Amino acid sequence: MDQATQLEIDREKGNFRYETDYAFDAGVGLRPATVDYIAEVKGEAPWVREFRHKALKIFESKPMPTHWATKDLEAIDFSKIRYYLSQGQKPSRTWDEVPADIKKTFERLGIPEQERKFLAGVEAQFDSEAAYSRMKEGLSKLGVIFVGPTEGLKEHEEIFRPWFGKVIPTSDNKFSALNSAVFSGGSFIYVPKGVKVKQPLQAYFRINAENFGQFERTLIIADEGAEVTYMEGCTAPKFETATLHSAVVELVALKGAKIQYITVQNWSNNVFNLVTKRGLAHEESEIRWIDCNIGSRLTMKYPGVILKGRRARGEVLSIALANDGQHQDTGAKMIHAADETTSNIIAKSISVGQGRSTYRGLVQIPKHLKNCKNNTECDALLINANSRTDTYPAITVRGEGNSVQHEASVSKVSAEQIFYMRSRGLSEAAAMSLSVNGFINDLVREFPMEYSVELKRLIELEMEGSVG
Amino acid sequence: MPSLDIRNLCVSIGEKPILKDFSLSLPKGEVHAIMGPNGTGKSTLAKALAGHEDYTITGGEVFLDGELLLGLEPEARAKLGLFLAFQYPCEIPGVSIANFLRAASQARLPEGQEVAAVEFYKKLHGKMDALKMDRKFTARSLNEGFSGGERKRCEILQMMMLEPKYAIMDETDSGLDIDALKIVAQGVNLMRGPELGVLVITHYQRLLDYIVPDKVHVMWDGRIVKSGGKELAFELEAKGYDWVSKELAPSAKN
């Protein structure tokens, strides 16, 4: 029924914290010694350590991108952040082995329950390391690998090293360099030729410590004809001070493979969420990003696809909701690099109160290519008069026989619409959340059911908070 | 006797007084028509009763079955049993009629209670059949791209689903062809009965051929200047609104 396509998430769900003892702590601030500590604790190969040190130098040499991005980035004090915190490096394979305080956290977030219900595998990261990681047995028999980066680079170097840092080079931007220096946690996934993983694999990222930086690193490789869906969820308690989350996610879809990557970001409003996500799509493959950004103080994230092989397809579907004190600076990149490649971007943003949403898009179709197509739609919805939305689309299409479509709209929930709904008995908040759900409805239909239901509740709660 | 009782209501838009000492009692179970020329305050009455914030109440009281209506939020008035069929129902993109009605039904239930989906759709389909509506209709976004007739039929469907005690129909006939008019009237007639009071606001007598009122009130300059039986509508149609301004209005001022 149409009801099921609505979005639901609880913004308060993650706002709690249990006291935790950390056995491993890299201390405060970022120095070469910090990098060494992380490499040491993880027992990494020399090439990985070297990769980290190089990245640290690049990070230090790059300026903050404030010439185009918000000045709010300057509020991040890298010398006051803790870069590595964990209770141990080996994730447990059963929930019973997970340390009690951490287990309690994930139980409260409903992760074990979701695993039982509809997931093929789960990884639950608590600050720097995964506390739990398990995949259905049948999948490992098929050769599917679902581990963290430490284990991935150590035990399966031949699979992951060739692609590691290749889709997103360390020097891509200041934050990809930061991540490359201090990455810990995240998912390394390999799906062998022709294997179609029917149920989603899920990672849950939890920040528990204050003044902490979480830098997970994810690399998903779908071999020829393979299919996989990966979902990530994130929460953190509300702290007084800012927290940093800066991930790098690389996807590689080999010939005819399909990767779907779904994010529901529900960070608390003090988290700087600065993430680089990109996929490399080979011949006839498909990469699809579904990206929902609800929380955080500032999110900067532009998932992209490099369409490298003939007839590759790339898609970004994104929803951003910016409430008071939040800035969602999101978008998409589509780099066409082969004939007959197609890309689709649908971005919807909602600005509530003094919330600000920004769309940045980049579409490139160079002159020598034939029969490439891009469709871009970005729609913004403003809830109050003082909400703000900006759109910066950059579309470069050259050559004959390539086509591009771009549509943008800005609409406002009018007082007349609200009155109309209230006159039928709906509260002001319910009326607003109904219009917001209506605005994103066609996109939400593309989402897996489990997320739709959660997201809807979130929007209702956000709307309740935004009216008198 | 249960009624929608409007006593000496004064309403302004900004500084401008529109309703001036307006009084009317609509007993439950009756259908009353309010007729009058444009700009006389008919729609202001409808919006003010529903609780639109642009309309400032400067005096008077309104009781719905003895309960004070003014001062309540629009949604609270709706829950008390008031329904306004809008003259220009607005578009709510992306929200299907079915979902909207379900949310509105949900809003009427006590906290923790859920609308039962099966019963809801059974009721909805029953009402749609009565209005000769295609089942696909309620999957469409509320009023989005609707013709004038579709909008009004959608209003009637909402009214039938929400089962108000008192319904105000604000120029429901405007923009309707005769077939749509008949369907709208049929909907109102289906609901007519001892449990519903209806206030039909109209400019023309035409609608009253299909919804035969128990009483007709003629409105001029913010108040009722003449009340009578259904024959008053014919008299008004025959004599025109000039008759009101020349003969009825001056007497009302005294």
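Quick check: is even one residue across segment B:114-125 farther than 20 Å from A:Ala431 by Cα, in contact (Cβ under 8 Å) with a residue 60 or more places away in the chain and not hydrophobic (A, V, I, L, M, F, W, C)? No, there is no match, as no residue in segment B:114-125 is farther than 20 Å from A:Ala431 by Cα, in contact (Cβ under 8 Å) with a residue 60 or more places away in the chain and not hydrophobic (A, V, I, L, M, F, W, C). Condition check: surrounded by fewer than 19 Cβ atoms within 10 Å (Cβ to Cβ) and within 14 Å of another protein chain (Cβ to nearest Cβ). Does B:Lys79 satisfy that? It is true that B:Lys79 is surrounded by fewer than 19 Cβ atoms within 10 Å (Cβ to Cβ) and within 14 Å of another protein chain (Cβ to nearest Cβ). Total residues in segment B:90-128 satisfying the condition of being under 14 Å from A:Phe419 (Cβ atoms) and either out of contact with any Leu (no Cβ under 8 Å at 6 or more places or on another chain) or basic (Lys, Arg) (or both): the figure is 1. Scanning segment B:194-209 for residues that are in a strand (DSSP E or B) and without any contact (Cβ under 8 Å) to a residue 24 or more places away in the chain yields nothing.
Of the residues contained in segment B:64-71, none is found to be touching a strand residue (DSSP E or B) at 6+ places or on another chain (Cβ under 8 Å), closer than 25 Å to A:Ser435 by Cβ and more than 10 Å from chain A (Cβ to nearest Cβ). Condition test on A:Val305, is it at pLDDT 95 or above and in contact with a Pro (Cβ under 7 Å, 6 or more places away or on another chain)? No; evaluated as a whole, the condition is false for this residue.
If a residue must be under 18 Å from B:Leu84 (Cβ atoms) and under 15 Å from the mean Cα position of the chain (by Cα), how many such residues does segment B:6-29 contain? Steps first, answer last, please.
Filtering segment B:6-29 for residues under 18 Å from B:Leu84 (Cβ atoms) gives B:6, B:9, B:11, B:13, B:18-19, B:22, B:24, B:26, B:28.
Then drop every residue that is not under 15 Å from the mean Cα position of the chain (by Cα), which leaves B:6, B:24, B:26, B:28.
Number of matching residues: 4.
Of the residues screened, A:Tyr359 is not one that is within 14 Å of chain B (Cβ to nearest Cβ) and touching a Cys at 6+ places or on another chain (Cβ under 6 Å). Scanning segment B:169-193 for residues that are modelled with pLDDT of 90 or more and either within 19 Å of B:Met133 (Cβ to Cβ) or assigned to a strand (DSSP E or B) (or both) yields a total of 8.
Does A:Ala26 meet the test of being in contact with a Ser or Thr (Cβ under 7 Å, 6 or more places away or on another chain), of a type in the set (Gly, Ala, Ser) and closer than 16 Å to A:Thr150 by Cβ? Working first, answer last.
Numbers: in contact with a Ser or Thr (Cβ under 7 Å, 6 or more places away or on another chain): yes; of a type in the set (Gly, Ala, Ser): yes; closer than 16 Å to A:Thr150 by Cβ: yes.
In short, yes.
When A:Lys80, A:Lys71 are checked against the criterion of being free of Cβ contacts under 8 Å to residues at least 40 places away in the same chain and out of contact with any helix residue (DSSP H, G or I) (no Cβ under 6 Å at 6 or more places or on another chain), a single residue qualifies: A:Lys71.
Does A:Glu400 qualify as being out of contact with any His (no Cβ under 9 Å at 6 or more places or on another chain), at pLDDT below 90 and away from chain B (no Cβ under 14 Å)?
Values: out of contact with any His (no Cβ under 9 Å at 6 or more places or on another chain): yes; at pLDDT below 90: yes; away from chain B (no Cβ under 14 Å): yes.
For A:Glu400, the condition - out of contact with any His (no Cβ under 9 Å at 6 or more places or on another chain), at pLDDT below 90 and away from chain B (no Cβ under 14 Å) - is met.
Of the listed requirements (1) more than 9 Å from chain A (Cβ to nearest Cβ); (2) under 27 Å from B:Ala185 (Cα atoms), B:Gln113 misses just one: (2). Of all residues in segment A:162-192, those satisfying the criterion of being part of a loop (DSSP other than H, G, I, E, B) and touching a residue at least 60 places away in the same chain (Cβ under 8 Å) are A:Trp163, A:Phe164, A:Gly165, A:Lys166, A:Val167, A:Ile168, A:Asn173, A:Phe183, A:Ser184, A:Gly185, A:Gly186, A:Ser187. Of the residues making up segment A:264-291, those that are assigned to a strand (DSSP E or B) and at pLDDT below 90 are A:Val264, A:Gln265.
Matching residues to (1) under 28 Å from the mean Cα position of the chain (by Cα); (2) within 14 Å of another protein chain (Cβ to nearest Cβ); (3) modelled with pLDDT of 90 or more:
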residue: A:Ile365; (1), (2), (3): yes, no, yes
residue: A:Leu369; (1), (2), (3): no, no, yes
residue: A:Thr376; (1), (2), (3): yes, no, yes
residue: A:Thr389; (1), (2), (3): yes, no, no
residue: A:Lys412; (1), (2), (3): yes, yes, no
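Yes or no: B:Lys152 buried (at least 18 other Cβ atoms within 10 Å of the Cβ), more than 11 Å from chain A (Cβ to nearest Cβ) and touching a Ser or Thr at 6+ places or on another chain (Cβ under 8 Å)? Give the derivation first.
Details: buried (at least 18 other Cβ atoms within 10 Å of the Cβ): yes; more than 11 Å from chain A (Cβ to nearest Cβ): yes; touching a Ser or Thr at 6+ places or on another chain (Cβ under 8 Å): yes.
Criteria met by B:Lys152.
B:Ala33 falls short on exactly one of the conditions (1) surrounded by fewer than 23 Cβ atoms within 10 Å (Cβ to Cβ); (2) touching a Leu at 6+ places or on another chain (Cβ under 6 Å), and that condition is (1). Count, please, the residues in segment A:115-130 that happen to be crowded, with 19+ Cβ neighbours inside 10 Å and more than 19 Å from the chain's Cα centre (by Cα). Qualifying residue count for the region: 2. Of the numbered criteria (1) under 23 Å from A:Ser349 (Cβ atoms); (2) in a loop (DSSP other than H, G, I, E, B); (3) in contact (Cβ under 8 Å) with a residue 60 or more places away in the chain, the one A:Pro237 fails is (1).
When residues in segment B:52-68 are screened for being over 17 Å from B:Met1 (Cβ atoms), of a type in the set (Asp, Glu) and without any contact (Cβ under 8 Å) to a residue 24 or more places away in the chain, 1 of them pass.
Limited to segment B:158-168, what total is found for residues that are of a type in the set (A, V, I, L, M, F, W, C) and either away from chain A (no Cβ under 13 Å) or part of a helix (DSSP H, G or I) (or both)? Break it down stepwise before answering.
Of the residues in segment B:158-168, the ones of a type in the set (A, V, I, L, M, F, W, C) are B:159-162, B:167-168.
From what's left, either away from chain A (no Cβ under 13 Å) or part of a helix (DSSP H, G or I) (or both): B:159-162.
Of the residues in segment B:158-168, 4 are of a type in the set (A, V, I, L, M, F, W, C) and either away from chain A (no Cβ under 13 Å) or part of a helix (DSSP H, G or I) (or both).
For segment B:54-62, the criterion of being within 14 Å of chain A (Cβ to nearest Cβ), within 26 Å of B:Glu144 (Cβ to Cβ) and either surrounded by fewer than 21 Cβ atoms within 10 Å (Cβ to Cβ) or among the hydrophobic types (A, V, I, L, M, F, W, C) (or both) is met by at least one residue. Within segment A:438-450, one or more residues are under 30 Å from A:Arg288 (Cα atoms), part of a helix (DSSP H, G or I), at the interface with another protein chain (Cβ under 9 Å from one of its Cβ atoms) and small (Gly, Ala, Ser).
The values are calculated or read from the model by the stated rules, or taken from the named source; none is laboratory data. What you are looking at is a predicted structure, and each value in this text was computed from that prediction instead of being measured. All Cβ positions, even for glycine, are placed from backbone atoms using ideal geometry, and neighbour counts span all protein chains on display.
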